[in-house]
Amino acid sequence: MLIFEKSRPGRGCSTLPACDVEVVRPKERDKRELKLHMPELSEVELSRHYTELAKKSHGVNDGFYPLGSCTMKYNPRINEEIAALPGFKEIHPLQPEHTVQGCLEVLKRSEEALCEITGMDAMTLQPAAGAHGEFTGLLLMKAYHHSRGDQKRTKIIVPDSAHGTNPASAAMAGYSVVSIPSGPDGCVDLKKLREAVGDDIAGLMLTNPNTVGLFDKNILEITDIVHECGGLCYYDGANLNAVMGTVRPGDMGFDVIHLNLHKTFSTPHGGGGPGSGPVGCKACLAEFLPSVRVDGEEVLRLTKAEHGIGEVKSFYGNFLVVVRALTYIMTLGREGITEASQNAVLNANYMMHKLKEQYQMAYDEVCMHEFVMSLSDLKKSTGVSAMDIAKGLLDHEIHPPTMYFPLIVEEALMVEPTETESKETIDEAVGVFRELYELAVKDAERLHNAPVSTPVGRLDEVKAARHPVLRYSFDV
Ligand SMILES: *Cc1c(COP(=O)(O)O)cnc(C)c1O
């Protein structure tokens with residue numbers, strides 16, 4: 001039931017003090033023409049409404065959440081405690097700099113830590129999400145080429161194993177996209193890359209580990225080939241949790257990178273909450289970074305870069321996400337950061353190994369932090385699709401893996417267990433996957449009808465796509 005349907009005129013839960021200023025009535029022309037619909041509920045009704053909604057959803061605190069490419073790991077509570085400190089939470093972006101020195105120090109230390117982790121020379125914390133970071137990074141590359149009087153580079157190479165946002169960001173930044181295929185090993189086809197490079201190439205965007213969960217074994221050769229043609233190399237580091245503390249994109253020849261603080265560095269996400277997609281770059285690109293930079297030693301201040309590409313977000317981005325990320329980095333420390341990524345890789349390989357007795361893997365190789373299964377054989381023999389298995393998992397209180405992505409794998413299920421899950425949880429999930437496989441063989445119909453225990457059963461997805469109901473009709 002929607003909150004509007006529970007509403008009763010006159011109910012409410014506010015007690016305002018008596019008005020002690022002069023009452024100002026809006027002018028007739030400023031008034032709304034339609035009635036403003038605000039739900040009117042008592043406090044207990046309101047509280048129950050949201051508790052009920054919360055019970056219907058599945059989050060990391062409810063159970064296993066192996067949504068590939070999204071890194072739904074547990075976000076330590078200490079991050080929230082620190083981000084809730086009044087000195088961080090209650091600042092105003094226009095406050096004089098001398099009153100927010102601590103906050104500026106958070107920004108500076110975060111930039112330094114992320115530069116060290118990625119092997120970059122400079123960092124901006126302004127972008128609000130991964131895709132926003134990609135767009136920012138591409139504008140840096142463009143500014144670099146243009147500053148050298150090189151206007152002819154109008155194309156970006158994007159391998160077909162890239163995250164979907166990569167080609168979209170390149171197009172948004174005004175580039176045309178040259179897609180190159182992966183080889184049978186899931187890595188970039190070097191021959192095709194050599195054919196694609198030339199003096200019209202601004203650069204290459206590489207998602208690594210790529211969307212099939214593999215670390216490209218030819219990575220040094222890839223960056224060399226692109227640099228030789230005068231292009232720059234962009235590293236999509238949204239999934240850095242597979243490699244952080246072990247290797248650094250800056251050392252592999254990459255010039256620009258974005259990170260997803262809301263994935264790798266543990267800010268809750270998935271409900272559409274604020275994110276942060278910092279962009280790091282090598283010194284040759286630093287002068288083009290978005291305008292607001294933290295500067296100074298003893299006294300910190302915000303400065304505007306002369307040649308910067310301009311601001312991509314107001315002020316210095318989503319500050320409290322940065323606070324959480326810095327808390328996470330400082331809690332883990334140098335060893336902890338490395339251990340986190342090692343455990344992410346270990347958990348994924350353990351789970352893949354256990355599952356491959358039944359399920360077909362898209363690439364039967366050592367994976368990074370996630371792996372991709374292909375259910376096309378199962379579908380041919382039983383009629384049970386990746387979608388059916390995903391729906392079946394819901395009845396066991398497991399969030400489904402990412403489905404039908406990457407596009408280069410048929411009937412794909414992309415599983416990312418993350419480093420914060422225990423062996424017991426993973427074993428339990430493996431048991432459920434096995435049970436569903438057996439059910440597919442024995443009683444496919446049951447899986448076609450799953451889920452049966454969730455607040456909402458199997459949806460008619462075609463109808464939802466063709467006739468979406470996105471607005472609530474009030475009877476005015
Ligand atoms: C999640 C992800 C992105 C996009 O990040 P958003 O914050 O959702 O914009 C880009 N690339 C990869 C590899 C990702 O996993």
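The values are calculated or read from the model by the stated rules, or taken from the named source; none is laboratory data. Quick caveat, the model's predicted, so the values are computed rather than measured. Here Cβ is always computed from backbone atoms with ideal geometry, including for glycine, and neighbour counts include all displayed protein chains. Ligands, DNA and RNA are excluded from the accessible area calculation, which covers all protein heavy atoms including side chains. Shrake-Rupley method; radii C 1.70, N 1.55, O 1.52, S 1.80 Å.
How many residues does segment 270-284 contain that are closer than 16 Å to Met120 by Cα and within 16 Å of the ligand (Cβ to nearest atom)? Here the count works out to 4.
Just to be sure, is Glu287 touching a Pro at 6+ places or on another chain (Cβ under 8 Å) and either away from the ligand (no atom under 16 Å from the Cβ) or not acidic (Asp, Glu) (or both)? Answer is no for this residue. Filter segment 230-269 for residues that are within 10 Å of the ligand (Cβ to nearest atom) and in a loop (DSSP other than H, G, I, E, B); which is most open to solvent (accessible area, probe 1.4 Å)? Within segment 230-269, the match that is most open to solvent (accessible area, probe 1.4 Å) is His269.
Does Asp216 satisfy being more than 23 Å from the chain's Cα centre (by Cα), farther than 23 Å from Ser276 by Cα, outside the structural domain of Glu419 (by TED's automatic domain parsing) and surrounded by fewer than 24 Cβ atoms within 10 Å (Cβ to Cβ)?
The answer is no for Asp216.
Annotation: of all residues in segment 206-239 being in contact with a Pro (Cβ under 8 Å, 6 or more places away or on another chain) and among the aliphatic types (A, V, I, L, M), the one that is farthest from Leu67 (Cα to Cα) is Leu206. Of Gly186, Gly198, all but one fail to be within 16 Å of the ligand (Cβ to nearest atom), in a loop (DSSP other than H, G, I, E, B) and more than 29 Å from Val321 (Cβ to Cβ); the exception is Gly186. Cβ-Cβ distances below 9 Å connect the following pairs, each with a first residue in segment 422-440 that is closer than 14 Å to Ala450 by Cβ, a second residue that is exposed (fewer than 12 other Cβ atoms within 10 Å of the Cβ) and of a type in the set (S, T, N, Q), and a separation of six or more residues or different chains: Ala440/Ser381.
Among the residues making up segment 154-180, those that are among the hydrophobic types (A, V, I, L, M, F, W, C), within 23 Å of the chain's Cα centre (by Cα) and open to solvent by less than 40 Å² (accessible area, probe 1.4 Å) are Ile156, Ile157, Val158, Ala162, Ala170, Ala173. Kindly establish whether Gly183 is open to solvent by 10 Å² or more (accessible area, probe 1.4 Å) and without any contact (Cβ under 8 Å) to a residue 12 or more places away in the chain. The answer is yes for Gly183. Counting only residues that are of a type in the set (Asp, Glu) and over 19 Å from Val247 (Cα atoms), which one in segment 89-131 is most open to solvent (accessible area, probe 1.4 Å)? Of everything passing the filter in segment 89-131, Glu90 is most open to solvent (accessible area, probe 1.4 Å). The numbered conditions (1) within 30 Å of Arg334 (Cβ to Cβ); (2) part of a helix (DSSP H, G or I); (3) out of contact with any Lys or Arg (no Cβ under 9 Å at 6 or more places or on another chain); (4) open to solvent by 40 Å² or more (accessible area, probe 1.4 Å) are all true for Asn61 except (2).
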